[in-house]
Amino acid sequence: MKELIIKITIRRWLILGIFNLLLVAALGLLMRIKFLIPLPAINQKYVLHAHSHFAFSGWVSHTLMVLIAAAICNTGSRQALPRKYQTLVVANLFASYVMLVSFFLQGYGLCSICAATATVIISYLFTAICWRDTTHRWFRAALIFLVLSSVGTFHLAYLMSSHNTDMRLQLASIYFFLHFQYNGWFMFACFGLAYHWLRSRGISLRHMPFVFWAFTLSCIPTYFLSTLWWNIPGWLYCLVAVALMLQTVAWIVWLHSVLTAHRQYAHHLSAVSKWLLIGVMLAVSIKILLQDLSIFPSLSQLTYGFRAIVIGYLHLVLLVIITLFLVAYGYMKKILSSNRTAVIATGILVIGIILNELLLLLQGIAGFINASVGYTPMALAVAAGIIAIGLIFLLWSQKARNENCI
């Protein structure tokens, strides 16, 4: 068993990550169905905790750990990671599966809390090892934000253990964790992987030091976008506004540099990778625009008051930006086979994700005008089902090349 684990290749790890994403989608579908059909045996809150925690650790963090380690060690898709990284990936997956089951069955309990704590400790060990093995600044910044995000988790745990019921403090802790996971660990890791892919093909983009430092310096101040409802002091508000401007300029510079160098790397990309990356860049542009608009306190308070809008934004980052980029990167590195079935499956996945976002947007708009839209819960269940079907076919498409590619 030990030897089998040690020999698991990058390709197998990524396919397992996609299977984990399917489990996340299945839980999402279950929550949507529960809105339509009474399921007294299913605790909606428990399913939500299992869904969100496993999405972070079992899908995104697992996949980023594998791909970052592969980039640092220059490991091919048909090769296994060095033992130290392989051990950490296995440990993180084991803790993630324990967390998935325990949250589903009991919500926040001793077992689920211990498993969640284990994933944090594993992330610290991963950070320490990667920090020693690489000087890649995008990866190092991602690791710093990964560790920093855990402060929100531990502060929330402290508030709960001390029976502090101040909802403002609890929300601030939750948003702290989410911000530095989404806008720190996830985003910087993806930037790092993109930069690594370009550099491996001898392509150098202009103004990259400025882009890196602009995003890095703006990451901490932009956290306060999610706490504008707390009436932050004027100087801090101005700092957040400057950080937003800096981040927006950096993204425009990044886009200009990527589009300028298009001819240098276009022939290295398959058609499915190109379309996925175009979608990701469009989604990041929308994300930054939404952040810029949320600098207005009245709009920010209104936005964070509607659950559908918050969920829509989180799904925009997690599904449209991070998930589609990771799938695109799998194709770019030829870890995933881009056969016809895979392309069709990816198309189905994208359709489901876009439909899900549009429906959440519709719910948010309806909330703004105090209106209701009929059949939205059913439509959201359909969207969740389409996402799950896309993932099933994507996994099936990779199984076809199982013997030749792994």
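Here are some notes:
- Apart from one condition, residue 163 fits all of (1) modelled with pLDDT of 95 or more; (2) not in a helix (DSSP H, G or I); (3) not polar (S, T, N, Q); the exception is (1).
- Pairs with Cβ under 8 Å, 6+ apart, first in the stretch 249-267 and assigned to a helix (DSSP H, G or I), second open to solvent by 20 Å² or more (accessible area, probe 1.4 Å) and of a type in the set (Gly, Ala, Ser): 251/285; 255/285
- Taking (1) open to solvent by 20 Å² or more (accessible area, probe 1.4 Å); (2) over 23 Å from the mean Cα position of the chain (by Cα) in turn, residue 274 satisfies each apart from (2).
- Put simply, of 60, 90 the only residue that is in a helix (DSSP H, G or I), open to solvent by less than 10 Å² (accessible area, probe 1.4 Å) and of a type in the set (Val, Ile, Thr) is 60.
- Condition met for residue 112 (at pLDDT below 95 and either within 26 Å of residue 14 (Cβ to Cβ) or surrounded by 21 or more Cβ atoms within 10 Å (Cβ to Cβ) (or both)): yes
- Qualifying positions in the stretch 32-55 - surrounded by fewer than 18 Cβ atoms within 10 Å (Cβ to Cβ), touching a residue at least 24 places away in the same chain (Cβ under 8 Å) and in contact with a helix residue (DSSP H, G or I) (Cβ under 8 Å, 6 or more places away or on another chain): 33, 35, 36
- Which listed residue is open to solvent by 50 Å² or more (accessible area, probe 1.4 Å), over 20 Å from residue 114 (Cβ atoms) and touching a His at 6+ places or on another chain (Cβ under 7 Å), from 201, 137: 201
- Some residue of the stretch 181-191 being free of Cβ contacts under 8 Å to residues at least 24 places away in the same chain and polar (S, T, N, Q): no
- Of everything in the stretch 351-364 that is open to solvent by 80 Å² or more (accessible area, probe 1.4 Å) and over 17 Å from the mean Cα position of the chain (by Cα), the residue that is modelled with the highest pLDDT is 351.
- Neighbours by Cβ (under 8 Å, 6+ apart or cross-chain): first from the stretch 211-226, at pLDDT 95 or above; second among the charged types (D, E, K, R) and part of a helix (DSSP H, G or I): 212/137
- Residues of the stretch 178-195 that are out of contact with any His (no Cβ under 7 Å at 6 or more places or on another chain) and more than 14 Å from residue 61 (Cα to Cα): 179, 191, 194, 195.
- Among the candidates 67, 105, 143, residue that is open to solvent by 10 Å² or more (accessible area, probe 1.4 Å) and in a helix (DSSP H, G or I): 105
- With respect to the stated conditions, residue 184 fails to be closer than 28 Å to residue 69 by Cα and more than 23 Å from the chain's Cα centre (by Cα).
- Among the conditions (1) buried (at least 22 other Cβ atoms within 10 Å of the Cβ); (2) not in a helix (DSSP H, G or I), residue 182 misses just one, which is (2).
The values are calculated or read from the model by the stated rules, or taken from the named source; none is laboratory data. Because the structure is predicted, anything quoted here is derived from the model rather than measured. Neighbour counts run over all protein chains shown; Cβ positions are idealised from the backbone, glycine included. Accessible surface areas use protein heavy atoms only, side chains included; no ligands, DNA or RNA. Shrake-Rupley method; radii C 1.70, N 1.55, O 1.52, S 1.80 Å.
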